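A.B. asks: One structure follows; several queries about it will come next.
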Amino acid sequence: MSQDKALTTRAEDFSAWYNDVIARAELADYSPVRGCMVIRPNGYAIWEQMQGALDAMFKDTGHQNAYFPLFIPQSFLAREAEHVEGFAPETAVVTHAGGKELEEPLVVRPTSETIIYAMYAKWIQSYRDLPLLINQWANVVRWEMRTRLFLRTTEFLWQEGHTAHATEAEAEVETLMIMGLYRTFMEEWMAMPVITGRKTDSERFAGALRTYSCEALMQDNRALQAGTSHNLGQNFAKVFDVTFQTAEGQLDHVWNTSWGVSTRLVGALIMTHSDDRGLICPPRLAQWQVVIVPIYRSEEEQATVMEAANQLLHDLRAEQIRTHLDARDGLKPGAKYYEWEARGVPLRLEIGPRDVTAGSVMLARRVGAKKEPVSVVGIAKRIRQEMDDMQAALLRTARERREAASVRGISKAEFIARMEGEGGFVYGGYCGDAGCETEIKEQTKATIRVLPDAEFRSAVAPASCLWCGRPSVAEAVWAKAY
Ligand SMILES: [Zn+2]
């Protein structure tokens, strides 16, 4: 889109707004290959910040990174029945290479359980080799028919954790620990509140015993699955013969977990916080936390202002504040403000000749109160405080918005009306019958996002199924989802 055209507003068309925000902030672009996405430097920088935070959390909890091949023998995927059924329709398969037809076709990984557990079978012999805690940062390919930048693309970037344990209980502890880790990341870094819980069987990962998920609510009141963690049981261990000798000398299959988050989180971040002026990025994940814009008219003023601006840049960088000086000449300050706002930079410091004389700068915030002068003395501390405040305010605002769009104890008719109208999270009783779940999905397009963890459940458990009226076996959270 051209730089002078206003963004489509959220109220006009949320989906067009989302595309406009991405285009204006130069986060991503469409690729010549249908369904694929080019992640532009501004978008990739957010992903790199996400990677850095998550990677440190994985390592702090004992995981190591490794890398497994992009190509998987087709027969590997076929070994686990549910897994192949779940992924076969969307795999890309290489049949020819080096000018010849391959003896066995190779699948471009849609996920790496099969090839990783084939290797674990070689590496694990004894209980002393457990737990094995490995993560990989990689790209995967799932042939999608309907794609949207960041949210659903044929190729995407992600991390996939794969662990092996001696007991089911240890695998379950790992699965849930990762859920907690993801939630911490989403709330404390992305400022995006999530509901955690277990998926129903119809929504669970192909081949898993149990799948847990973090679910966020976007500004258009549609849910987004932000991260999943699977207890795979011994399904893959049996198929790939991953066995170990127990401390008692018995031979047993290992218990596996797998878990992942992807570049979809960049889409979630955009749809959680941004406004009609463009991207809003939480300070902890922003490529540039502060942008300095110098203001001058004459060459003499330019020299004075640029000297002060460079000093400020140096001082803030020395304090580990990610700072950029927009020294482009021939572009008016107002045009720069407009551009950096659309790119979601949390704080802007404007500095002109009078500010230099006064030993201050003008501080402008991407969200919240309007601009005010602040002294350059102690400015790093002030900026850190501003960023902490903004980070907390974004989470608070997003949580209030989510709660305002969540309802409990409504009737079937109200549920139908709500899913045709404003959407949001609906908490209600669920009879546990997959047929009921399917009927709801067919008639309203709403799915059970999770059977929520205790802390998210209603004070009084619902007595009957929201849809069929039979006794409820668990509270569920429904929404229309991305
Ligand atoms: Zn029911």
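A.B. asks: Let me confirm something: among Phe236, Phe205, Phe244, which residue is hydrophobic (A, V, I, L, M, F, W, C) and at pLDDT 95 or above?
C.D. replies: Step by step, each of Phe236, Phe205, Phe244 is checked, and only Phe244 is hydrophobic (A, V, I, L, M, F, W, C) and at pLDDT 95 or above.
A.B. asks: If you don't mind, there's one more thing I want to ask. Considering each of Phe244, Phe205 in turn, give the residue that is of a type outside the set (D, E, K, R) and in contact with a Gly (Cβ under 8 Å, 6 or more places away or on another chain).
C.D. replies: Result: Phe205 is the single residue among Phe244, Phe205 that is of a type outside the set (D, E, K, R) and in contact with a Gly (Cβ under 8 Å, 6 or more places away or on another chain).
A.B. asks: Would you confirm, using the coordinates I've provided, whether Gly432 is surrounded by fewer than 20 Cβ atoms within 10 Å (Cβ to Cβ) and touching a Gly at 6+ places or on another chain (Cβ under 8 Å)?
C.D. replies: no
A.B. asks: For the range 204-257, how many residues meet the condition of being in a loop (DSSP other than H, G, I, E, B) and not β-branched (Val, Ile, Thr)?
C.D. replies: Residues that pass the stated criteria total 18.
A.B. asks: Of these, Asn135, Asn139, which one is in contact with a strand residue (DSSP E or B) (Cβ under 7 Å, 6 or more places away or on another chain) and surrounded by fewer than 17 Cβ atoms within 10 Å (Cβ to Cβ)?
C.D. replies: Checking each option against the conditions leaves just Asn139.
A.B. asks: Could you list, in sequence order, the residues of the range 312-363 that are under 23 Å from Asp276 (Cβ atoms), among the basic types (Lys, Arg) and surrounded by fewer than 17 Cβ atoms within 10 Å (Cβ to Cβ)?
C.D. replies: Lys332
A.B. asks: Conditions first: (1) within 30 Å of Gln320 (Cα to Cα); (2) acidic (Asp, Glu); (3) in a helix (DSSP H, G or I). Glu26 passes all but one, so which condition is the exception?
C.D. replies: In the conditions (1) within 30 Å of Gln320 (Cα to Cα); (2) acidic (Asp, Glu); (3) in a helix (DSSP H, G or I), Glu26 misses (3) alone.
A.B. asks: Condition first: surrounded by 16 or more Cβ atoms within 10 Å (Cβ to Cβ) and either β-branched (Val, Ile, Thr) or in contact (Cβ under 8 Å) with a residue 12 or more places away in the chain (or both). Now tell me which residues in the range 33-44 satisfy that.
C.D. replies: Within the range 33-44, Gly35, Met37, Ile39, Asn42, Gly43 qualify.
A.B. asks: Filter the range 344-360 down to the residues that are in a strand (DSSP E or B), over 35 Å from the mean Cα position of the chain (by Cα) and aliphatic (A, V, I, L, M) and list them by number.
C.D. replies: Ile351
A.B. asks: Further question: Among the listed residues Ala398, Ala393, identify the single one that is under 30 Å from Tyr44 (Cβ atoms), surrounded by 13 or more Cβ atoms within 10 Å (Cβ to Cβ) and in contact with a helix residue (DSSP H, G or I) (Cβ under 6 Å, 6 or more places away or on another chain).
C.D. replies: Exactly one of Ala398, Ala393 is under 30 Å from Tyr44 (Cβ atoms), surrounded by 13 or more Cβ atoms within 10 Å (Cβ to Cβ) and in contact with a helix residue (DSSP H, G or I) (Cβ under 6 Å, 6 or more places away or on another chain), namely Ala398.
The values are calculated or read from the model by the stated rules, or taken from the named source; none is laboratory data. Since this is a predicted model, take the numbers as computed values, not measurements. Ideal geometry is used to build each Cβ from the backbone, glycine not excepted, and the neighbour counts take in all protein chains shown.
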